[in-house]
1. From the residues in the stretch 190-243 that are of a type in the set (Gly, Ala, Ser) and touching a residue at least 60 places away in the same chain (Cβ under 8 Å), which one is surrounded by the most Cβ atoms within 10 Å (Cβ to Cβ)?
2. If I filter the stretch 330-354 down to residues being more than 16 Å from the ligand (Cβ to nearest atom) and touching a residue at least 60 places away in the same chain (Cβ under 8 Å), which single residue comes out as nearest to residue 297 (Cα to Cα)?
3. Looking at 79, 53, 84, which is the one that is surrounded by fewer than 18 Cβ atoms within 10 Å (Cβ to Cβ) and modelled with pLDDT under 95?
4. Does residue 62 satisfy the condition of being acidic (Asp, Glu), within 15 Å of the ligand (Cβ to nearest atom) and part of a helix (DSSP H, G or I)?
5. Please determine, by comparing only the residues of the stretch 32-50 that are more than 9 Å from the ligand (Cβ to nearest atom) and over 21 Å from residue 233 (Cα atoms), which one is surrounded by the fewest Cβ atoms within 10 Å (Cβ to Cβ).
6. Going by the conditions given, is residue 357 surrounded by fewer than 16 Cβ atoms within 10 Å (Cβ to Cβ), touching a strand residue (DSSP E or B) at 6+ places or on another chain (Cβ under 7 Å) and either at pLDDT 95 or above or within 23 Å of residue 301 (Cβ to Cβ) (or both)?
7. Name every residue in the stretch 1-47 that is part of a loop (DSSP other than H, G, I, E, B), under 23 Å from residue 340 (Cβ atoms) and among the basic types (Lys, Arg), in order of residue number.
8. Considering (1) within 12 Å of the ligand (Cβ to nearest atom); (2) touching a Leu at 6+ places or on another chain (Cβ under 7 Å), say which one residue 71 fails and leave the rest.
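The values are calculated or read from the model by the stated rules, or taken from the named source; none is laboratory data. These numbers come from a predicted model, not from an experiment. Here Cβ is always computed from backbone atoms with ideal geometry, including for glycine, and neighbour counts include all displayed protein chains.
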Amino acid sequence: MHSIIIVGASLAGLSAARALRAGGFAGDLTVVGAEQHRPYDRPPLTKDYLRGSCSTADLALETDDDLDARWLLGAPATSLDARSRRVGLADGRTIAADGVVLATGADAVPHPLVPVGPTVHTLRTVTDAERLRADLGPGRRLVIVGAGFIGTEIAASAVALGADVTLLAQDAVPLRRQLGAPIGDFLAAEHRAHGVRVIAPTRVVDVDRDAGGTTATALRLADGTVLPADVVVVGIGSRAATGWLAGSGLRLAADGGVLCDATGRALHGRGGGAVAGARDEMEAGVAPGVVAVGDCAAWWDGYRGVHHRLEHWTGAVERAGVVADVLLAAPGRSARAPYFWSDQYDLRLQVAGVVAGHDELRIEEGGLADRSFLARYYRAGEPVAVLGVNQPKLFTRARRALGAGPTADPASRAAATTSNVVAGTGTALAS
Ligand SMILES: Cc1cc2nc3c(=O)[nH]c(=O)nc-3n(C[C@H](O)[C@H](O)[C@H](O)COP(=O)(O)OP(=O)(O)OC[C@H]3O[C@@H](n4cnc5c(N)ncnc54)[C@H](O)[C@@H]3O)c2cc1C
C-alpha cells in the first residue's frame, strides 16, 4: 500500500490518519474534507460551546500531530469508483490511491414539515452551533422537535442560557430506545425539574409562518396544541453522509450507512443500491482496499445479527485503529464494546455495551433519587450493558468487567460474564 485517501476530515478521518502513521504507513496520505475547517470536536457543540463556555480554538482535535498528510479542505468528494479507488472531487479533480478510508460522518435528518430556515435549526457542525447560539437567550421560546441525545442536551444548555424550552418527544418516554424506560422517565423528570416543558408522546402536524411565509412562528401538534416559537431545533436523527457514493459499487443500508464486515471492510454489490442489513450481506464480497469508519459506517455486528451505524465518539476513534490494521494487513485489533457519554445539567451519563434488546434493568449502586447510580442491563440473565450516572469510578470498573462486551465472540463473552455477576441485591426495574 503506497497511497491512501481518507474522505472526511473529522474525528474518524483524523483518527484513521493517526492510526495509519502509528502503524508504520509511510506512503502518500491525502485527507479530503467538505468543510473548510481543520478537524474539530462535535460533542461540545450541544454543551459547552453552545453555552459559550468554550471557544472555537478549544474544539480543535489536532495536537502536535505530524501526519505528513496532504489536506484538501473545502473539497467535497462527489464520486468513488470502488474498483479503481478513484475519488472525484467537487472542483473537478480526480485522485486515486491504493487504499480509501470512507469517514464522511452523517447529516441531520430534515423534518418534512419543518425545514431549516431563519428560525429553524439542526445541529451537526460548528456553523450550525454558532447560528443556534446567536438565536438563543433569556426568555427566547425554544421548541425542540425530537428528544434524543442531541435534543435533550440542547434543552439543558438552552435552560442555562435562560431560554423558555419545550421538548417534543415522539415516544411516550424520551430516550426509551437508547436507555430503557426507567432511565428515560428519570431524565424526563430531570428536564421538567429544570423548567423544561416535556410533551410526550406527540408529533408536529403543521407550522405557522410569518406574513412573508419564510419564518416559522409556531408549531401545531397532533392534539391541537399551538406552540409559539422564536426558535425551533429539529433533532430527529441522522443519516449517513454517503449520497456521493451512489454508483460507487458499494452497498448502502437504508439509512445510507456503508455496509461493512466486522472489521470495516466495505461490501460491494451490484449497483451499490440500498439493501436491508441482512445476514446474507456477509456472503457478498468486500471491495479491496476500501474501508469505512465512524458515523457513516454500518459494520456487521455478529451479536445483534445486523449491520448498524455506531454514532459515538469513542467508536470513531477505536475503530479507526481497526481499519488501519486492515489496510496495513497488520495483526488485527477488533471492535470493542460500544461506549458513549452524555452531559445534561450536572448529570454525566456513561454507557458501555449494547442496551438494545435488554430484558432487565437493575440499579445496582446508588439510586435514581440520589441522581447518582450504576445500572446494569441484562439479556436472558447475561449482562449486556452498563450505565453510570455521576458514578465515573464505579462505571469505569463496571465497564472493565463488561470487557469486550456482547459484541465479542462467545468464548470471551463467557469469560466476561463470569466476572460480571454482581453479588447482593440490585433493584430490578421493568424496562
Ligand atoms: C452535536 C453533536 C454532539 C455529540 N455529542 C456526543 C457525546 O456527547 N458523546 C458521544 O459519544 N458522541 C457524541 N457525538 C457523536 C460524535 O461526535 C460522532 O460520533 C463523531 O463526530 C463521528 O465522527 P466522524 O468523523 O465519523 O463524523 P463527523 O464528525 O460527522 O465528520 C464527518 C466529516 O466528513 C465530512 N464530509 C461529509 N461528506 C463529505 C464528502 N462528500 N467529502 C468530504 N468530506 C465529507 C463532513 O463535512 C465532516 O467534516 C456528538 C455528535 C454531534 C453532531
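1. By that ranking, first place goes to 235.
2. It comes out as 334.
3. Selected residue: 84, the only one of 79, 53, 84 that is surrounded by fewer than 18 Cβ atoms within 10 Å (Cβ to Cβ) and modelled with pLDDT under 95.
4. On the way: acidic (Asp, Glu): yes; within 15 Å of the ligand (Cβ to nearest atom): yes; part of a helix (DSSP H, G or I): no.
So residue 62 does not fit the description; no.
5. Taking the candidates together, the pick is 36.
6. yes
7. 42, 47
8. (2)
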